[in-house]
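Student: Could you have a look at this structure, given as structure tokens, before my questions?
The values are calculated or read from the model by the stated rules, or taken from the named source; none is laboratory data. Note that this is a predicted model, so its numbers are computed, not measured. No Cβ is skipped: glycine too gets one built from the backbone with ideal geometry, and neighbour counts run over all protein chains shown. Protein only, heavy atoms only, side chains kept; ligands, DNA and RNA dropped before computing areas. Shrake-Rupley method; radii C 1.70, N 1.55, O 1.52, S 1.80 Å.
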Amino acid sequence: MHKKRIAIVTGAAEGIGQASVKELQSIGCHVVQLDIKFDSFTINDDPNKTLYKVDVTKEDHVKQTFKEVFDQFGRIDILINAVGGSLHSKKIEEIEECDWNSNFDLNLKSAFYCTKFAVPYMKQTKWGRIVNISAVAGRTSTFFGGADFASAKAALIGFTRQCGFELASFGITVNAIAPGLTLTDRVRKMWDDYSEEDRNFIMERVPIGRPSTVNEQAKAISFLCSDDASYVCGAVLDINGAMFVG
Ligand SMILES: NC(=O)c1ccc[n+]([C@@H]2O[C@H](COP(=O)([O-])OP(=O)(O)OC[C@H]3O[C@@H](n4cnc5c(N)ncnc54)[C@H](O)[C@@H]3O)[C@@H](O)[C@H]2O)c1
């Protein structure tokens, strides 16, 4: 990467978001980290003002934060929409409206708000990289969530395609990755609680025969943010060990 890019990563405190922060830092980006979990003490102690406690499902929070980042750094080049996750594994007849709404808020609306408020700044420099974190659930089916989660992740792919189509001529690429089972702290706890029989059952359905590491996801994200990926736009990269091979 030639210049010091300003990157924003949502869901940066843990998991794939956190691994993406480290990966982007390692290739020379200045990374602004957004997470609902950051506490005021950590934020106030941050000399570079790179940590923001934000709920990215709230439009006014996102708008204000992106303005502050732009005012401070004068540009926003990269956006990684990593906030998300499956909130339950209910069967379709058990899913309540509130489940549906919270899955869509977390997995889709968050990316919508962040993209909406990043794009005007990216258009100013005619360069941008946006990476949305979908899931294998949005490509095929999942053992780790309900129909609301799978629908939100599939919708995020539709959102990626349309934004890619709309923004390509402004030098802004928009892509998604579709991870399979990735051993973040959150998922590892869940995974360890499964019986050996259930773990084997699931692993037999993962052609590559093992879960992904967070770094395997973060490397792909970093590629999509690089100059080398300048002609990749509106695409979905399946990083799920051949669980989806469509
Ligand atoms: N881990 C997996 O197996 C897996 C598989 C497929 C897709 N994904 C996707 O990858 C992305 C990251 O997943 P992960 O497993 O690394 O998650 P994680 O739970 O490890 O981390 C998510 C982070 O997002 C933050 N967050 C949650 N709600 C927020 C909000 N409203 N505003 C700001 N921050 C918020 C959390 O505090 C946390 O730090 C998600 O979109 C998830 O759906 C994960």
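Student: Among the candidates 135, 111, 150, single out the residue that is within 14 Å of the ligand (Cβ to nearest atom), free of Cβ contacts under 8 Å to residues at least 40 places away in the same chain and among the small types (Gly, Ala, Ser).
Tutor: Step by step, each of 135, 111, 150 is checked, and only 150 is within 14 Å of the ligand (Cβ to nearest atom), free of Cβ contacts under 8 Å to residues at least 40 places away in the same chain and among the small types (Gly, Ala, Ser).
Student: Taking residue 7, is it crowded, with 20+ Cβ neighbours inside 10 Å, within 12 Å of the ligand (Cβ to nearest atom) and closer than 18 Å to residue 219 by Cβ?
Tutor: No.
Student: Can you name every residue in the stretch 37-54 that is closer than 20 Å to residue 111 by Cα and surrounded by fewer than 16 Cβ atoms within 10 Å (Cβ to Cβ)?
Tutor: The answer is 37, and nothing else.
Student: Going residue by residue through the stretch 50-70, is there one that turns out to be within 17 Å of residue 21 (Cα to Cα) and at pLDDT below 95?
Tutor: Yes: the stretch 50-70 contains one or more residues that are within 17 Å of residue 21 (Cα to Cα) and at pLDDT below 95.
Student: Okay, next question. So how many residues does the stretch 103-124 have that are within 15 Å of residue 149 (Cβ to Cβ) and open to solvent by less than 20 Å² (accessible area, probe 1.4 Å)?
Tutor: Selection size over the stretch 103-124: 4.
Student: From the list 100, 127, pick out the single residue that is over 15 Å from the mean Cα position of the chain (by Cα), of a type in the set (Phe, Trp, Tyr) and either open to solvent by 70 Å² or more (accessible area, probe 1.4 Å) or more than 30 Å from residue 4 (Cβ to Cβ) (or both).
Tutor: 100
Student: I've got another one for you. For residue 16, state whether it is in contact with a Pro (Cβ under 8 Å, 6 or more places away or on another chain), closer than 30 Å to residue 211 by Cβ and within 10 Å of the ligand (Cβ to nearest atom).
Tutor: yes
Student: For the stretch 55-73, how many residues are more than 13 Å from the ligand (Cβ to nearest atom) and either surrounded by 15 or more Cβ atoms within 10 Å (Cβ to Cβ) or hydroxyl-bearing (Ser, Thr, Tyr) (or both)?
Tutor: 4
Student: Right, next: Residue 186 - would you say it is assigned to a loop (DSSP other than H, G, I, E, B) and either among the small types (Gly, Ala, Ser) or open to solvent by 50 Å² or more (accessible area, probe 1.4 Å) (or both)?
Tutor: No: the conditions fail for residue 186.
Student: Residues that are open to solvent by less than 10 Å² (accessible area, probe 1.4 Å), closer than 15 Å to residue 15 by Cα and under 16 Å from the mean Cα position of the chain (by Cα): does the stretch 201-220 have at least one?
Tutor: yes
Student: Does the stretch 157-164 contain at least one residue that is open to solvent by 60 Å² or more (accessible area, probe 1.4 Å), more than 13 Å from the ligand (Cβ to nearest atom) and either of a type in the set (A, V, I, L, M, F, W, C) or modelled with pLDDT of 95 or more (or both)?
Tutor: Yes.
Student: Here's another thing I want to ask about it. Suppose we filter the stretch 74-93 for residues that are more than 10 Å from the ligand (Cβ to nearest atom) and either buried (at least 23 other Cβ atoms within 10 Å of the Cβ) or modelled with pLDDT of 95 or more (or both); how many remain?
Tutor: 10
Student: Within the stretch 28-37, which residues are under 22 Å from residue 5 (Cβ atoms) and near the ligand (Cβ under 10 Å from one of its atoms)?
Tutor: 33, 34, 35
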